[in-house]
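Take a look at the structure below.
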Number of protein chains: 2
Amino acid sequence: MDRRHFLNTSLMLGASALFPRAVMAATTGGFYPEVRKAAEANRAADIKRIQDWIALPSIAAENLNMPEGAQYMKALALDAGFDSAEIIPTDGHPGVYAVMDNGAPRTLAVYFMYDVKQFDPAEWSSPPLAGKIVDKPGFGRAIVGRGAVNQKGPEATFLAALHAMRDAGVKPPVNILLVAEGEEEIASPHFQQIVQRPDIMQALKGSEGIFIPASWQDINGGVNVNLGSKGVVELELVASGESWGRGPAADIHSSYKAMVDSPAWRLVQALQSLVTADGNTPAIEGWFENVRPLSAREKELIAEAARSGSEAARKEQLGVARWIDDLPYQQALERLASQPTVNIEGLVAGYTGPGGKTILPGRATAKLDLRLVPNQTRREAETKLRAHLDKRGFSDIEIVVGGGYDPTETAESSAIIQAQLATYRRAGVNATLNPRLAGSWPGAMFTAPPLSLPAGHFGLGHGSGAHAPNEYYVVDSTNPRVAGITDATLGYVDLLYQVAAIG
Amino acid sequence: MDRRHFLNTSLMLGASALFPRAVMAATTGGFYPEVRKAAEANRAADIKRIQDWIALPSIAAENLNMPEGAQYMKALALDAGFDSAEIIPTDGHPGVYAVMDNGAPRTLAVYFMYDVKQFDPAEWSSPPLAGKIVDKPGFGRAIVGRGAVNQKGPEATFLAALHAMRDAGVKPPVNILLVAEGEEEIASPHFQQIVQRPDIMQALKGSEGIFIPASWQDINGGVNVNLGSKGVVELELVASGESWGRGPAADIHSSYKAMVDSPAWRLVQALQSLVTADGNTPAIEGWFENVRPLSAREKELIAEAARSGSEAARKEQLGVARWIDDLPYQQALERLASQPTVNIEGLVAGYTGPGGKTILPGRATAKLDLRLVPNQTRREAETKLRAHLDKRGFSDIEIVVGGGYDPTETAESSAIIQAQLATYRRAGVNATLNPRLAGSWPGAMFTAPPLSLPAGHFGLGHGSGAHAPNEYYVVDSTNPRVAGITDATLGYVDLLYQVAAIG
């Protein structure tokens, strides 16, 4: 019995817990045979679409290919069948707004980013813009490139769903709005100018909610359905002789430390006041004032995640031997969901090359990200950090905010969450409700007033390495529990139907 | 009366406090007219020797041009008339040992370094290896390049003195030993292997002492005669998930901070335990145990320096508005001479580029230099730092020592100091005795047992910007109080005679 025959037999026998991919094929394929056929025919073009997009990296922090990236995003939307696509200027880099009116009673919105994280080609095993296809043991063949999983792969797969439906002569069962920005990786400083343009806001308000494509199936095929995410403030703390009025204006010979103050030591002193001695709990004054503890339902969901997830696999994936305070997994996951953090992304002062250089630096910088939980707000965080530093005499320490988002929350009962759960269930995929993603995305732009929309992540498939070297996105799955690009495409098709159908 | 006539008149009238350069010309020129003539004839070649040497940067920290640098040093010595010059291998980069036996009763040793500090061409106003000649207001025309003042300019000027004497048919009145290394800028980790080679040690022990060429005349022509210098330990403190057994082995997404420990925060906590809250006084346990307070004579010398020096000029030169604790100048100078320091040269962790990057770094490094005063030792400092960290639970923090020196002291009554003072006096240069240089040099290799030699800095002329961009060395002085290259050359000639003559 060869593999194909075996799969066909499974199909005829119906769902099998041992072979969820057969199930997935049965459901998505079974409901939309013409669309699946079109998706299969488009497979090479769908892969090439991702590779071509990766070849044009837009990096807001480096002002690299920003107008080009917006143009490309617009062209991709029109190519996928959107009726209109418009470049939306902002005070920063432009976004894109596209509309596909299918004459349907319901509208679904989707959020795209066309920018990617910075990268250092020296750290990659294949060129980060080449989109080379390599084997990823346990998963299958994957495109390697900057933006592969975050977010060009999943986004292009959503576009592939629209291509497949059009090619199959099937009109999507919902209207679709696309809002895209090019500043996600610098914390979306101007995205509000896009979503709050009156006509765009009006259109979004009429939608069932908004989602961001994702490809987060784990090696066992499981996915999380996130009911929210932490907020974030990205910022630099800068100590300098210039603003302090002590220490040198520029780097001087280190022997003068005996009579000259040091901005680098000042930064260290300011920094250490921000957290407890173990570095794990924010110690900024009033930080926990508005922190909402986990609800009973949230704790229940986390306990379930701890039971069903593999702690060992997660530790290995992260290269971590023990959690904070040697917590058991469930409590570590509670901490992950519930606790605000003050993280050092980077430290830069003085001489940073190999060996040493005997200087007393005139300037020292710490790059921080502050993760926020409901009901903290970004504005509150910035205000409290400033007040904390001022009160301790560090009013000379500059806070340079790069950007940030408020935390987001979406009700478990919302149409978009229920449609996600239904789609995963129909695909035979084990979906775990996650009370809160510890990462951040500009979802608060949608979930907070004035829009107050449900918002979440959705997608089949797998990729990993966001922000890291050798980022990848699986296109050809050899893991029966994980979707390749065609099944992931069909997953988006089914989501549209579930949104159209939801009660 | 034109300028030349005026100077000649001055010469005839003898020393004039108003025109020290005239005095300088009178003394050095007056005593060695044939040598001065040769030095003047060699002027272009002497300048080109510096420029050519600058064009070959040897940087031990980058393993750049090290064998080439040693070969070049050897060739320069032979070219200047040393009878022999030998490349001395070490466990690190090689040194050079050269001997000039003039059949004289006394021997003087000179210490050279052929390496230079790292540099970033982007920070320079002219290419750092081009040795371009530019105007330096207040001083004259100067060679700009890495190593111009530290130490190729002054060293090549000493060689110019030997060239001039040979060209004038004058045999130097002392025998000369040259010891050179290529690892000064990484704190001389293998220099002991050179100076303690039995035959070299034997030869050095027979000398009157050793000096390093310098060109530290200030804008008023004044120089310091240093009676010692601080010691130093250069090191990196490294916190990593790997050695800690907590936190990530490599950079991970920053959202995990809520459940994963941070090596960067650990480094900050360890760092802040090393100094008082103002960052100005070492707080390492037992650090002051062997610190010898300033003697009455040392305080007297510092008081004199405070009275005669310009505090405002020094503040401006350093870009510093106030000294530590707003100390008056004299107390600031006492602090400079007497206090050990823990300085941050650099901080490097995680993402160091523009903007932010949401990672939790697996590793964080602080580059420190610890300046030591008598009777601290480098070994004591390293041991106490380790013990301090261990006692506070930071035994995982690695200490990677790049190199270091013990502090040095040379008696005011020693022949080499007295010869320096005599030479400066004869040149009409105001020489201030400085109890201790706050910078460091491998002088302890000479002053400590087994050699126990007097050691110091000597030289006329001016340069600045050691370790900084646009380092320069004045070759053509327009400041009547400051020596250009020819007067500086004659200064070295006179030093040899003063050493030969001293009581």
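The values are calculated or read from the model by the stated rules, or taken from the named source; none is laboratory data. As the structure is a prediction and not an experimental result, all values here were calculated from the model. Glycine also receives a Cβ, built like all others from the backbone with ideal geometry; neighbour counts cover every protein chain displayed. Heads up: the accessible areas ignore ligands, DNA and RNA and are worked out on the full protein's heavy atoms, side chains in. Shrake-Rupley method; radii C 1.70, N 1.55, O 1.52, S 1.80 Å.
The table for this structure:
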item	result
Helical contribution to [θ] at 222 nm, DSSP H n ≥ 4, -39,500 (n - 2.57), averaged over the protein assembly as shown, rounded to 500	-10500 deg cm²/dmol
5 angstrom amide H check on residue B:359, placed H, neighbours 5+ away	B:254
Local electrostatic count, residue B:62, Cβ distance below 14 Å [Lys/Arg +1, Asp/Glu -1]	-2
Interface B:A - total buried accessible surface [probe 1.4 Å, Å², rounded to 100]	6800 Å²
Using a 7 Å Cα-to-Cβ projection, residue B:400 label spacings across copies, nm, ascending	2.7
For region B:409-478, alpha-carbon Rg and Dmax in angstrom	14.5, 45
Fraction of beta bridges assigned by DSSP in the protein assembly as shown that are antiparallel (%, nearest 5)	75 percent
Over region B:361-411, relative contact order from alpha-carbon pairs under 8 Å, at least 6 apart, %	50 percent
Between region A:229-294 and region B:423-463, the Cα center-to-center distance that results, in Å	40 Å
Counting DSSP beta bridges with both ends in region B:93-180, the antiparallel % (nearest 5)	60 percent
Solvent-accessible surface (1.4 angstrom probe) belonging to residue B:143, in square angstrom, nearest 10	0 Å²
Cross-link table A:384/B:367; A:230/B:357; A:367/B:367; B:132/B:152, entries beyond 23 Å C-alpha to C-alpha	A:384/B:367
Peptide B:273-286, shielding by other chains (average Cβ, 10 Å cutoff)	3
Chain A: relative contact order in percent, alpha carbon pairs under 8 Å with at least 6 residues between	25 percent
Cut-off 20 Å, label 7 Å out along Cα→Cβ of residue B:202, residues of region B:70-96 by amide N	B:83-89, B:96
Average beta carbon contacts from partner chains per residue of B:327-335, 10 Å cutoff	2
Relative contact order for region B:150-238, counting Cα pairs under 8 Å that sit 6 or more residues apart, in percent	32 percent
Spherically averaged projected area of the protein assembly as shown from its Cα convex hull (nm²)	46.1 nm²
Percent of beta bridges antiparallel (DSSP, chain B, rounded to nearest 5)	75 percent
Calculated label separations, residue A:55, copies of the chain, 7 Å along the beta-carbon direction, nm	4.5
Phi to ³J(HN,Hα) by Karplus 6.51 cos²θ - 1.76 cosθ + 1.60 over region A:210-215, Hz, x for Gly, Pro	9, 9, 10, x, 9, 9
Residues whose placed amide H lies under 5 Å from that of residue A:96, excluding near-sequence neighbours	A:88, A:180, A:181
Amide H contacts under 5 Å for residue B:281, placed H, 5+ residues apart	B:276
Local net charge near residue A:391, Cβ-Cβ under 11 Å (Lys/Arg +1, Asp/Glu -1)	+1
Descending Cα extents along the principal axes, region B:96-216, whole Å	48, 39, 20
Other copies of residue B:288: label-to-label distances in nm, shortest first, labels 7 Å along the beta-carbon direction	3.8
Within-9-Å neighbourhood charge of residue A:371 [Cβ basis; K, R +1; D, E -1]	+1
Largest to smallest accessible area among B:117, B:315 [probe 1.4 Å]	B:315, B:117
For chain B: Kirkwood Rh in Å [reciprocal of mean 1/r, alpha carbons]	24.1 Å
Among A:348-354, A:394-400, the order from most to least packed when residues are scored by Cβ within 10 Å on average	A:348-354, A:394-400
Test item: A:359-367 mean partner chain Cβ contacts at 10 Å	5
Inter-centroid distance (Cα atoms) of region B:154-172 relative to region B:35-64, Å	13 Å
